[in-house]
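Chemist: Mind looking over this structure? Questions follow.
The values are calculated or read from the model by the stated rules, or taken from the named source; none is laboratory data. Note that the coordinates shown come from a computational prediction; the quantities given were computed from them, not determined experimentally. Counting neighbours? That spans all protein chains shown, and the Cβs are built from the backbone with ideal geometry, glycine included.
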Amino acid sequence: MDNILQALKTHFGEYLSGEKLAKNSGITRAGVWKQIEHLRELGYTIESSPRHGYKLTALTPDLHPYEIQDGLATHVFGKEIFFQKEVDSTNRLARNLAYQGAREGTLVIAENQTQGKGRMGRRWDSKPGLGVWFSLILRPQVSMEALAGITILAAVVLSKAIDATCRFRPEIKWPNDLVFQGRKLAGILAEVSGEIDRIHYVVLGIGINVNHRADDFPPDLAEKAGSLAQSCTVGISRKLVLQTFLADFEKAYHNSFILGRMDEIIAFAKENSATLGKRVSVDQGFGKVHSGVARDLDNDGSLWLETASGGRVKIHSGELIENANSPKLAERTGDRQ
Ligand code: BTN
């Protein structure tokens, strides 16, 4: 399959005879025809002529593994891909695969999620073709404390990848949302399986709103969610955003996260924070809410809050609520996607 698709791509818009394709890929002409039919089913537009052969005129619109891997500059991440046109949740599928032994760097991606999961048990709206909905299986040999850094790492790398491909830089809303002009563009959901002192696997789920126009979001998200296309000043490509993220994340994962050298990552998160300096409340569940001014990020990604009494509290995780009486917050909206 790869050979035939590659030959058609190299000669994009030109006819290639069935005979030539058969010879190049070492199969029969009937075999070529079968594979062409399969490529058409995947969404590739291939014209055929009895005299001239086959001509590729459009790639599949889907984020199919053939497309993701074409030009992907990674060593391991995304070399194994599970693609589904529709799935309930890529995180759920990735967890099953990880449980069955899928190796580190395995990518699970879908065009449509019927039950996309957000943080705190929320849903994640994931319509077909509009975003990049994926989960990466990781098997880091780090402590549970150090693991918290994985989501901030992903947020930083994604902000940079969006800057490189779309020419604008989203801010990081603690703990790990990407926002631009007050609208949420991307969310990260890391799920972990392990023992207190040994991580079995982490499923890092990321949803990026890419092609949405305002009316593509459900009414309850209309004021809160945004997409890359709404702010991008250049033509946008889901494939390029994903490939850039995967390549940069693989490097940062090994060089910063695994080696425990998170200083530059945290420095970037501070410089591009949508949270620091604001008056916020953090709901940690079980009725525990801390309020104060968000003052700093710790090296493990935790948030330092300055409370009314002038003391400081370190918060590892929770649901951030921006307080309406914070001067910068008046023009901002909530955070449900
Ligand atoms: C958040 O609430 O901000 C986290 C959203 C994470 C959504 C992504 S989409 C791909 C992956 N699969 C899921 O079911 N959720 C994550």
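Chemist: Considering Ala148, Ala94, which residue is touching a Leu at 6+ places or on another chain (Cβ under 9 Å) and under 25 Å from Ala247 (Cβ atoms)?
Modeler: Being touching a Leu at 6+ places or on another chain (Cβ under 9 Å) and under 25 Å from Ala247 (Cβ atoms) holds for just one of Ala148, Ala94, which is Ala94.
Chemist: Looking only at residues that are under 34 Å from the mean Cα position of the chain (by Cα) and part of a helix (DSSP H, G or I) in region 15-53, which one is farthest from Glu111 (Cα to Cα)?
Modeler: Lys34
Chemist: List the residue pairs whose Cβ atoms are under 7 Å apart, where the first residue sits in region 106-134 and is in contact (Cβ under 8 Å) with a residue 40 or more places away in the chain, the second is near the ligand (Cβ under 8 Å from one of its atoms) and of a type in the set (Lys, Arg), and the two are 6 or more positions apart or on different chains.
Modeler: Trp124/Lys117
Chemist: So, Phe12, is that one more than 30 Å from Ala252 (Cβ to Cβ), of a type in the set (Phe, Trp, Tyr), at pLDDT 95 or above and in a loop (DSSP other than H, G, I, E, B) or not?
Modeler: yes
Chemist: Looking only at region 41-51, decide whether some residue is surrounded by 20 or more Cβ atoms within 10 Å (Cβ to Cβ) and touching a strand residue (DSSP E or B) at 6+ places or on another chain (Cβ under 6 Å).
Modeler: No; the residues of region 41-51 include none that is surrounded by 20 or more Cβ atoms within 10 Å (Cβ to Cβ) and touching a strand residue (DSSP E or B) at 6+ places or on another chain (Cβ under 6 Å).
Chemist: Let me ask another. Taking region 100-115 on its own, how many of its residues are within 13 Å of the chain's Cα centre (by Cα) and either near the ligand (Cβ under 9 Å from one of its atoms) or surrounded by fewer than 16 Cβ atoms within 10 Å (Cβ to Cβ) (or both)?
Modeler: Total meeting the criteria: 3.
Chemist: Let me ask you something else. Do the conditions hold for Met144, that is, is it surrounded by fewer than 19 Cβ atoms within 10 Å (Cβ to Cβ) and on the phi > 0 side of the Ramachandran plot?
Modeler: Criteria not met by Met144.
Chemist: With the condition being more than 22 Å from Ser302 (Cα to Cα) and within 16 Å of the ligand (Cβ to nearest atom), I'd like the strands (runs of 3 or more DSSP E) fully within region 125-236 carrying at least 1 qualifying residues.
Modeler: 131-138, 183-195, 198-209
Chemist: When you look at Val76, is it part of a helix (DSSP H, G or I) and surrounded by 13 or more Cβ atoms within 10 Å (Cβ to Cβ), yes or no? Full working, then the answer.
Modeler: Values: part of a helix (DSSP H, G or I): no; surrounded by 13 or more Cβ atoms within 10 Å (Cβ to Cβ): yes.
Considered against the rule, which asks whether it is part of a helix (DSSP H, G or I) and surrounded by 13 or more Cβ atoms within 10 Å (Cβ to Cβ), Val76 comes out as no.
Chemist: Restricting attention to region 161-187, which residues are touching a Ser or Thr at 6+ places or on another chain (Cβ under 8 Å), small (Gly, Ala, Ser) and free of Cβ contacts under 8 Å to residues at least 40 places away in the same chain?
Modeler: Answer for region 161-187, where residues must be touching a Ser or Thr at 6+ places or on another chain (Cβ under 8 Å), small (Gly, Ala, Ser) and free of Cβ contacts under 8 Å to residues at least 40 places away in the same chain: there is none.
Chemist: Give region 238-297 a look and list any residue that's among the aromatic types (Phe, Trp, Tyr) and in contact (Cβ under 8 Å) with a residue 40 or more places away in the chain, or say none.
Modeler: Phe245, Phe249, Tyr253, Phe257, Phe268
Chemist: Is at least one residue of region 85-92 within 16 Å of the ligand (Cβ to nearest atom), in a strand (DSSP E or B), of a type in the set (A, V, I, L, M, F, W, C) and in contact with a helix residue (DSSP H, G or I) (Cβ under 7 Å, 6 or more places away or on another chain)?
Modeler: Yes, region 85-92 contains at least one residue that is within 16 Å of the ligand (Cβ to nearest atom), in a strand (DSSP E or B), of a type in the set (A, V, I, L, M, F, W, C) and in contact with a helix residue (DSSP H, G or I) (Cβ under 7 Å, 6 or more places away or on another chain).
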